[in-house]
């Protein structure tokens with residue numbers, strides 16, 4: 001489908017032309033209008049251009065009439081014409097071509113005279129039965145004159161005798177030639193349609209297409225302004241601009257003069273060819289430096305030679321027939337070389353070559369029409385060259401656009417694909433990480449239990465075994481040691497229970513475990529705990545340290561003092577919590593105990609507290625000892 | 001005090017399912033020494049235990065979980081069905097949460113730490129027979145979490161926050177008791193804090209256990225339904 005639509009567009013102008021032709025032919029069959037194809041003609045010489053007289057009797061002219069079949073397109077001596085054009089400001093002589101058409105059985109009613117083309121570089125005057133009825137190009141030709149059909153209505157009110165003769169007076173310079181298509185005389189309503197179709201296809205439609213191309217070119221320019229690295233957009237703008245300038249003379253109603261406008265329209269053709277060539281080079285990716293340089297040199301040379309101020313080669317219709325073949329040659333060379341380069345590498349290049357070839361062919365037919373090589377009733381097809389350009393390059397842009405969309409979709413799809421891959425990777429690495437973490441946790445836990453068993457349970461059991469083996473221990477003592485071991489074991493198990501950051505629950509568990517021991521000892525336990533903030537860092541390792549610290553503290557009281565009462569209290573302080581264990585025993589010298597080797601229990605408590613970033617402190621006096629465990633709210 | 005309570009009444013019939021002969025013997029010694037208790041039966045395996053349940057029901061059944069031919073949980077479950085009036089007690093080394101919770105959910109009313117002193121064992125049996133149940137802080141926390149379905153919230157906030165999720169399941173007083181236990185207070189201390197008798201505190205715990213059994217059964221049925229095991 002991508003290729004079918006532009007192809008359809010390419011056929012549009014051809015279809016339009018065919019339709020116009022059919023319309024034209026149809027009107028030809030209309031018996032109401034007269035098709036005048038026979039005329040007599042002669043040339044007279046004058047010293048200068050003169051205004052046509054209001055009456056001109058054909059019989060008054062020299063009797064040198066020669067018959068001719070319309071369309072009338074005498075051969076032009078191009079070199080002589082160009083020479084005269086470049087020779088001087090004023091022509092050496094003025095010639096007048098007279099064309100006399102006899103009319104038989106002219107239809108009655110409101111009549112119009114219509115001719116596809118009348119071409120001269122002087123004035124046009126039309127006489128009907130000797131009376132001046134129509135004048136054109138009174139101040140010389142305009143740029144669009146050769147594309148403007150001859151058209152006027154005849155004032156033949158009732159009683160006027162029927163038209164018998166039509167006489168055309170065409171003034172022109174000495175070296176140039178005139179041309180005239182066949183004429184049609186008939187009712188206004190019958191002839192208006194073919195006249196308007198001709199005018200529309202020759203002037204208005206090309207103007208519209210040209211403007212459309214220019215608009216797309218401006219769009220491309222703005223794209224290029226934001227994307228300077230993509231020179232194709234700038235080239236596209238150059239193409240549109242030069243094609244637009246080149247097309248101007250098809251429909252601009254300015255008098256033909258050797259001025260900047262003439263210079264622009266002539267040179268735009270060379271620039272257009274150059275732009276297409278550079279574009280082609282970009283497509284087939286071969287620099288072709290020499291050809292490019294040659295084309296630039298020719299364009300520059302023509303540009304300089306045709307400068308209005310220099311007037312070496314005036315950009316006048318008399319001279320341009322000699323200039324345009326250069327452009328056609330340039331175009332054909334670019335076409336052939338570009339075609340060879342692009343043939344295998346670039347489908348787009350081939351398309352542009354076709355387009356350029358078509359434009360060149362159109363230009364050549366224009367040249368032939370302009371120079372009376374082909375019938376004056378032909379079409380100026382060169383006006384459609386911008387349209388061909390537009391379609392060709394429009395198709396390229398259309399393809400690029402579709403490709404860009406496809407690319408974006410592809411990139412998006414691959415992005416999604418990559419995202420999925422990354423997610424899977426992330427999942428896998430997360431899984432790996434979790435496994436490592438799990439292994440680490442298990443390893444930490446094992447190490448913790450090993451350490452605890454080694455320090456507590458293990459050493460107690462070993463010393464008990466030694467004592468039993470030596471036989472110097474009582475059964476009660478063995479039982480006590482084993483009970484202590486079991487308590488140790490229970491606390492180890494409790495430390496693994498989920499206490500969920502609740503220090504009170506931990507202390508409660510400890511109390512629950514120690515209760516049977518306390519009951520037997522006769523020491524009263526006063527439970528004076530207060531609400532505590534949650535300690536988020538309270539994991540099994542920290543829990544066991546805290547349990548051991550408090551256990552040791554209570555064991556010390558039971559072992560070394562004669563206390564009758566233990567108070568356990570908790571307090572929330574500024575940046576932590578405090579656990580206080582106070583007894584009413586005898587007290588002890590803290591500094592001495594710490595310094596002495598016997599204070600291993602105290603040192604252990606201190607070490608365990610440090611490993612949870614906490615502190616321990618003893619305040620001892622005659623009334624008893626208060627042990628304080630401080631724990632932080634948060635740990636770094 | 002305990003002696004006078006039970007002397008006149010019918011003695012407590014105690015049955016034992018235990019494969020460890022040492023503990024079994026120690027227990028039998030406790031029962032024999034207590035005037036208010038009588039050994040009603042003794043089994044060493046799960047099979048014997050289940051067979052014993054076909055006979056006349058005892059008042060207190062002591063079950064060990066690690067039996068040579070299967071789990072004691074099956075015995076507890078069967079006892080709940082066949083001896084509905086009997087209070088079952090699981091005997092455990094450490095009273096750890098997983099063992100005890102599972103047993104309570106199966107229908108046990110309490111647990112006995114195997115290293116308890118003989119007098120404490122006798123006290124526990126008596127307390128159980130008269131409708132009380134023991135509890136540890138960790139178990140209390142687990143029970144609260146089970147009823148709340150929010151195991152993360154700290155228990156000491158419990159009284160302040162009215163529980164809307166399970167108001168029909170645990171009463172405010174029951175939750176209060178559990179909360180005190182998680183803070184380390186003993187049954188006696190809680191009794192004076194809440195102006196109850198300490199025995200009432202223990203019966204509260206029994207009621208909580210039976211509710212836990214019901215919820216766990218409901219949960220099991222719900223679970224089975226959602227997994228398509230029951231139609």
Just report the Cα centroid separation between segment A:428-458 and segment B:84-128, whole Å.
32 Å
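How much length, in nm to one decimal, is gained on full extension between residue A:476 and residue A:343, taken as 0.36 nm per residue of separation minus their Cα-Cα distance?
That pair, residue A:476 and residue A:343, stretches by 36.9 nm at full extension.
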Pop the C-beta distance of residue A:437 and residue A:402 into the FRET formula with R0 = 60 Å and round what comes out to the nearest 0.05.
0.70
Going from the fewest other Cβ atoms within 10 Å to the most, one would list A:389, A:281 as A:281, A:389
Among DSSP beta bridges lying fully in the protein assembly as shown, give the percent that are antiparallel, nearest 5.
75 percent
Cut-off 12 Å (backbone N to label point 7 Å along Cα→Cβ of residue A:429), residues of segment A:381-420
none
Where the centroid of each part is defined by its Cα atoms, how far is segment A:334-362 from segment A:560-589 in Å?
103 Å
Simple spin-label estimate for residue A:574/residue A:165, 7 Å along Cα→Cβ, in nm, reads 13.2 nm
Linear extension gain, residue A:131 paired with residue A:416, 0.36 nm per residue minus alpha-carbon span
94.1 nm
Let me check against my output: what whole-number percent is the relative contact order of chain A, with C-alpha pairs under 8 Å and at least 6 apart?
10 percent
Degrees between helix A:503-521 axis and first principal axis of chain A (Cα, 0 to 90, nearest 10):
10 degrees
Please express the shape of segment A:367-465 as an equivalent ellipsoid: the semi-axes are the square roots of 5 times the eigenvalues of the C-alpha gyration tensor, given largest first in whole angstrom.
92, 7, 5
Mean projected area, convex hull of alpha-carbon positions in segment A:500-632, reported to one decimal in nm², is 7.6 nm²
Quick one: plug the Kirkwood hydrodynamic radius of segment B:2-129 (C-alpha pairs) into Stokes-Einstein at 37 °C, 0.692 mPa s, and report D in µm²/s.
230 µm²/s
How do A:384, A:324 line up, fewest other C-beta atoms within 10 Å first?
A:324, A:384
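Would you kindly state how much longer the chain becomes between residue A:296 and residue A:622 on full extension, computed as 0.36 nm times their sequence separation minus their alpha carbon distance, in nm to one decimal?
On the way: separation 326, 0.36 × 326 = 117.36 nm, distance 11.52 nm.
105.8 nm is the gain from fully extending residue A:296 to residue A:622.
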Taking only Cα atoms, what is the 0 to 90° angle, nearest 10, from helix A:231-248's long axis to the longest principal axis of chain A?
20 degrees
Hydrodynamic calc, the protein assembly as shown: Kirkwood Rh from Cα pairs, then Stokes-Einstein at 10 °C with viscosity 1.306 mPa s, so D in µm² s⁻¹ is 41 µm²/s
Once you put a point 7 Å from the Cα of residue A:51 and another 7 Å from the Cα of residue B:195, both along the Cβ direction, what distance in nm separates them?
13.5 nm
Nearest 10 degrees, 0 to 90: what angle lies between the long axis of helix A:320-342 and the longest principal axis of chain A (Cα atoms)?
40 degrees
Ratio of alpha-carbon Rg to the 2.2 N^0.38 Å globular estimate for segment A:4-405, to two decimals, please.
1.09
If neighbour count is taken as other Cβ atoms inside 10 Å, put A:70, A:489 in order from fewest to most.
A:489, A:70
How many nm is it between the label spots at residue A:64 and residue A:322, if each spot is 7 Å from the Cα in line with the beta carbon?
2.6 nm
Part-to-part distance (alpha-carbon centres) for segment A:159-206 and segment B:29-69, which is given in Å
134 Å
Is segment B:87-132 rounded, prolate or oblate when judged by the Cα gyration tensor, a ≥ b ≥ c being the square roots of its eigenvalues, rounded requiring a/c under 1.5 and prolate requiring a/b larger than b/c?
oblate
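Each value in this text was obtained by applying a stated rule to the coordinates, not by laboratory testing. Just so it is clear, the structure is predicted and the values come from calculations on it, not from any experiment. A quick note on method: Cβ atoms are made from the backbone with ideal geometry, for glycine too, and the neighbour counts reach across all protein chains shown.
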